[in-house]
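Beneath this line is the structure, given in structure tokens, with notes to follow.
The values are calculated or read from the model by the stated rules, or taken from the named source; none is laboratory data. In this text the structure is predicted, and so the values were computed from the model without any measurement. Here the Cβ positions follow ideal geometry from the backbone for every residue, glycine too, while neighbour counts run over all protein chains shown.
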Amino acid sequence: MRNFTVIFLPANSKISVPCSKTLLQAARECKLAVDAHCGGRGLCGGCAVRIVEPKDPPLLDEDRCYLSREQLKEGFRLACRHKVDRDLTVRLPRAEEIPSAKLSILELESSEIKPQGAPRKILFTPPRSSLRELNIHLEKALLEVLPPGRPPVLPLEIISRFSGLLGSGQYPVTLIAEEDRLIGVEPGDTSDRILGAAVDIGTTTIALYLCDLESGRMLAASAMTNSQSSYGADVMSRIGFSLENPEGLSILSRTVRRDLKGLAEEACLRVSASPELIYRWVLVGNTTMQHLFLGIDPSPLGRSPYLPLVNSAVRFSPGELGLPSSPFASGVFLPTVAGHVGADTVAVALAARLDQARKLTLAIDLGTNGEIVLAQGGRMLCCSTAAGPAFEGARIQMGMRAETGAVDRFRINIKGEVELHVIGEDVRPRGICGSGLVEIAAELLRWGVIDRSGRILPPEELAGNTALILSRRIKPGEFGQYSFMVSEGSDEAVPVILTQRDIRELQLAVGAISSGIKVLLKLAGFSAEDIETVLMTGAFGHYLDPSCAVAAGIIRGVNLDRIRSIGNAAGLGARDALISAEEMEKAIEIASRMEFVELATNPHWQEEFTESMFFPEPERPVR
């Protein structure tokens, strides 16, 4: 089989590729990130790349389906569909950093958690005298780091390392103890820093928080797009990849571990600390992210009844999994609840003190997977909703993540003029992210451009002044349907379009969340009017305007003044468990007390889902 050379720009990565492989597979082998929301099945258009040489590359039906005429003319093609059949030079989309606005959301709120159970250190300077005096000084040092009352039992590997350091003249040394045992000895004085890393592994975004374990203070935060996104936007796509490829599970495990390694090194660099001073890792994430990180077969999560292979907290050795840390470090992945209610939901419940909620409280983590918890009086009902990736901009014709060029805010003013906000400075809109999608739908519903069924109305069906002002933005689409022009095109930019199919994708996501809430309320014997507080968490949930969440029907029957954002509560819960042994135990207890509701087997869910697909009756603007 003949091989061809592919050069990827701007990284200038060169690879020899058999003609049976696609451009997406070649990019993955070069460890280059290419979005593939659908897992490389040609169903989303997210993996578009520009073939620079040779000119006029072959054109496939999938290219025509997902790419604009301007993109096709410029040589853009779907990387997952095009096999390498000649030498190629390919330009990848510019890798986007997490926008500063989103990074600020990922920062943690302060908490009053008192640090507890951190490893203890003491500097030991051996006397330059007899062996007897050395033993006396060592015993005194051990009394400072170990509990009094009984002689210490010293591990052989620690004694060997200790004697080796002293024998080679590497002193002073630092003794490290945890609970009632000596766990390590390090050359030099490292007693001033005891670091830990709390990590929220999201399906789309990974956030790492570097903390001082003694003070509990967060020293640095770093975040990045989960590199597993190249293998699919949602958990089902990644489970599918692990099943369809012999090395799939290994690839996905290595990918996320490599992400964590990079984030830890970046955070340590910011505070001028060595990663070898990280002594504890605490991780959270949904159940699929847990299985993939730990290298556990996720296939049971991909089929009914969606049972995980492990629910309990899992201890691991960070060094053995490639995470930068002290040789004496320990790691814990917090417990999960069910197949699609993971440790991130447990961490949200911990941070929000849902186990202590006296009034009826609803917590919603909006994202690729939607997790919902309804809590009161110590009872916590929870469920997971297959919201799909629309909230992250996936499966939307011009959808994108919340990065430069994304429309994230949208309003129609009293004159019927469109006002939109684009992420980045002085950039033209090039797509729509999740918050933009919800806000566009809410406004079009309010102005009567779409009806409750989600249908984009043709210009002749619009009423009043709206017809005169907005009708020119409504364009005929495929199969007799219509599209709405969010931003007008120019010589330098293509127009950003919202299609009828985009609205249907949003309705699926809205219906999933709304119906999940209704089922939990019905089981608990409450109605939406009884909810005292709604807590929206996660980057998307934080950034979404509550009024638009209500207008689009994500949250129904709750007054706006009862809805508030709590930022990245999953990350906050992970941080609390990292710095406090008591909070760690509380997280484990919360996981055991949460009552999981399987929506698919609930007799009311299908009816509620179908009804929730319809948008609420809108509040019309004052004209």
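Key figures
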quantity	calculated
Residue list for segment 159-175, restricted to those being in contact with a Leu (Cβ under 7 Å, 6 or more places away or on another chain) and of a type in the set (Val, Ile, Thr)	Val173, Thr174
Some residue of segment 286-307 being among the aliphatic types (A, V, I, L, M), crowded, with 24+ Cβ neighbours inside 10 Å, farther than 28 Å from Phe526 by Cβ and under 15 Å from the mean Cα position of the chain (by Cα)	yes
Wholly enclosed strands (runs of 3 or more DSSP E) of segment 314-392 bearing at least 1 residues of a type in the set (Gly, Ala, Ser) and at pLDDT 95 or above	330-333, 361-365, 370-376
Residue satisfying all of: in segment 339-366; of a type in the set (Gly, Ala, Ser) and surrounded by fewer than 24 Cβ atoms within 10 Å (Cβ to Cβ); nearest to Ala441 (Cα to Cα) among these	Ala352
Selection from segment 459-513 of residues that are in contact with a strand residue (DSSP E or B) (Cβ under 9 Å, 6 or more places away or on another chain), more than 30 Å from Gly557 (Cα to Cα), among the polar types (S, T, N, Q) and assigned to a loop (DSSP other than H, G, I, E, B)	Gln481
Unique residue being within 24 Å of the chain's Cα centre (by Cα) and of a type in the set (A, V, I, L, M) when the list is Leu521, Leu535	Leu535
